[in-house]
Amino acid sequence: MSNNDFILPKDFPELKNDTFLRAARGEEPEHVPVWCMRQAGRYLPEFREIRAGKDFFDTCRSPENCCELTLQPLRRFPFDASIIFSDILVIPQAMGMEVQMLTGKGPTFTDPLKEPEDLQRLRAKVDVNKELDYVFKAITLTRHKIEGKVPLIGFTGAPWTLMSYMIEGGGSTTHSKAKRWLYRHPDSSHMLLKMLADVIVEYLVGQVAAGAQALQVFESHAGILGPVEFREFSLPYLRDIARRVKDRLKEKGQDVPMIVFAKDAHYALEELSESHYEVVSLDWTIDPRSARERTGEKVSLQGNMDPCALYAPKEQISDIVRKMLEGFGTRGYIANLGHGLYPDMDPENVGAFVDAVHQHSKLLIKQK
Ligand code: CP3
């Protein structure tokens, strides 16, 4: 047993940079806060070193490894938030499914769900505190080791995105096996989505108890649904999760901002802004100004530079960032990419992105 097993989720160091939390609550801090999805990732040589030769999910199950990988990007860049290193697929694992991360192939389920009868293979009652304790330990350890530099974000996959992985068994371009369920087995689909939502609620509440200071829900596969299917199979669960998590936290006197990232769900922007989340995170296919017009003052916005803009020369990155800031404005706004960083991205350009957000936003706020 290592010393870290005795680290408890209390007496955390005082938070020194709360720009991210203030922006999430709709305020205008002294600069626009910035972080990147997949900021802990293979684009960093120090990340590849820690991951080398180890199984991905073994790494996820080691609180010490998760803590180190979460802290790595903060040593390089002045990010205003951190996100715990983990994966959305720990939930299907907690429900009894076997998932491996295969090099060059990505996540792969040994035995994906094929027909509704397969739901019986899933654990009927998941003991989240037991099955996902390693994530809670990673959060607590990281919250201590981060020394109050920036807030720590916890996360989960949303029910539809997890359902699609559990049925497809891995990445897919059409997601036709998962969508087949929606059309052919709508009742079983709802049953599975509800099972997932129940686990997710416990998981998010547990992450806050462990020390997470904000929560992001990834509906990465929203875009493969049309508006009608999104309204039936995704949105109600996203709403239900936020409402139930908030109710549960309230009972305990806790309150953290929640972020919803429904990738490519432009058609649902208005509905997402009325779904009990403080922040709506956007992919790069939405124009910042029109996103603001469509959501008004109801929510803070996060996003949405095309990750591929990081392949541009630094001066161009700076220009793109300035236009993005002018579009979103500096109040209730968290700068980020429209999706995660890719492994072949140059860390220097990530640094240029972060610096550009800080510099341009300070100027814009001063000029007001
Ligand atoms: O820095 C962070 O953003 C925190 C860590 C994080 C990871 N996965 C680490 C990871 C987060 C937030 C995720 C979420 C996640 N995982 C999502 C939702 C976000 C999104 O990208 O839409 C999804 C869909 C997954 C499933 C998953 N895990 C995929 C598709 C992959 C990529 C597989 C590949 O080979 O490219 C992963 C693996 C993964 N998760 C990596 C990282 C850093 C890279 C693999 C590695 O480290 O070996």
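List of remarks:
Here is a yes/no grid of residues against (1) within 11 Å of the ligand (Cβ to nearest atom); (2) aromatic (Phe, Trp, Tyr); (3) touching an Asp or Glu at 6+ places or on another chain (Cβ under 9 Å); (4) closer than 14 Å to Tyr134 by Cα:
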| position | (1), (2), (3), (4) |
| --- | --- |
| Thr59 | yes, no, no, yes |
| Glu64 | no, no, no, yes |
| Arg76 | no, no, yes, no |
| Ser86 | yes, no, no, yes |
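- Residue in region 160-178 that is closer than 24 Å to Met101 by Cβ, surrounded by fewer than 17 Cβ atoms within 10 Å (Cβ to Cβ) and among the basic types (Lys, Arg) present: yes
- Test: Asp118 is open to solvent by 20 Å² or more (accessible area, probe 1.4 Å) and within 11 Å of the ligand (Cβ to nearest atom): no
- Residue in region 337-353 that is open to solvent by less than 70 Å² (accessible area, probe 1.4 Å) and under 19 Å from Glu28 (Cβ atoms) present: no
- The sole residue among Ala312, Ala268 that is in contact with a helix residue (DSSP H, G or I) (Cβ under 9 Å, 6 or more places away or on another chain) and under 25 Å from His221 (Cβ atoms) is Ala268.
- Among the candidates Lys368, Lys362, Lys314, Lys323, residue that is at pLDDT below 95 and open to solvent by 60 Å² or more (accessible area, probe 1.4 Å): Lys368
- Residue list for region 221-245, restricted to those being under 14 Å from Leu272 (Cα atoms), within 16 Å of the ligand (Cβ to nearest atom) and open to solvent by 30 Å² or more (accessible area, probe 1.4 Å): Gly223
- Candidates Gly106, Gly96 - the one that is surrounded by fewer than 17 Cβ atoms within 10 Å (Cβ to Cβ), more than 9 Å from the ligand (Cβ to nearest atom) and of a type outside the set (Val, Ile, Thr): Gly96
- As for region 28-50, it holds at least one residue that is within 12 Å of the ligand (Cβ to nearest atom) and acidic (Asp, Glu).
- Filtering region 187-197 for residues that are in contact with a strand residue (DSSP E or B) (Cβ under 9 Å, 6 or more places away or on another chain) and among the aliphatic types (A, V, I, L, M) leaves a non-empty set.
- Looking across region 326-348, just one residue is more than 20 Å from Val260 (Cα to Cα), in a helix (DSSP H, G or I) and under 22 Å from the mean Cα position of the chain (by Cα), and that is Pro347.
- Residue match in region 99-115 (condition: in contact with a strand residue (DSSP E or B) (Cβ under 8 Å, 6 or more places away or on another chain), touching a residue at least 24 places away in the same chain (Cβ under 8 Å) and β-branched (Val, Ile, Thr)): yes
- Considering region 305-325, the residues that are within 19 Å of the chain's Cα centre (by Cα) and of a type outside the set (A, V, I, L, M, F, W, C) include one that is nearest to the ligand (Cβ to nearest atom), namely Pro307.
- Within region 23-46, the set of residues being closer than 16 Å to Gly351 by Cα, open to solvent by less than 10 Å² (accessible area, probe 1.4 Å) and either free of Cβ contacts under 8 Å to residues at least 60 places away in the same chain or in contact with a His (Cβ under 8 Å, 6 or more places away or on another chain) (or both) comprises Val32, Val34, Met37.
The values are calculated or read from the model by the stated rules, or taken from the named source; none is laboratory data. The model shown is predicted, which means the values in this text are computed figures rather than measured ones. Every residue, glycine as well, gets a Cβ built from its backbone with ideal geometry; the counts of neighbours run over all protein chains shown. Ligands, DNA and RNA are excluded from the accessible area calculation, which covers all protein heavy atoms including side chains. Shrake-Rupley method; radii C 1.70, N 1.55, O 1.52, S 1.80 Å.
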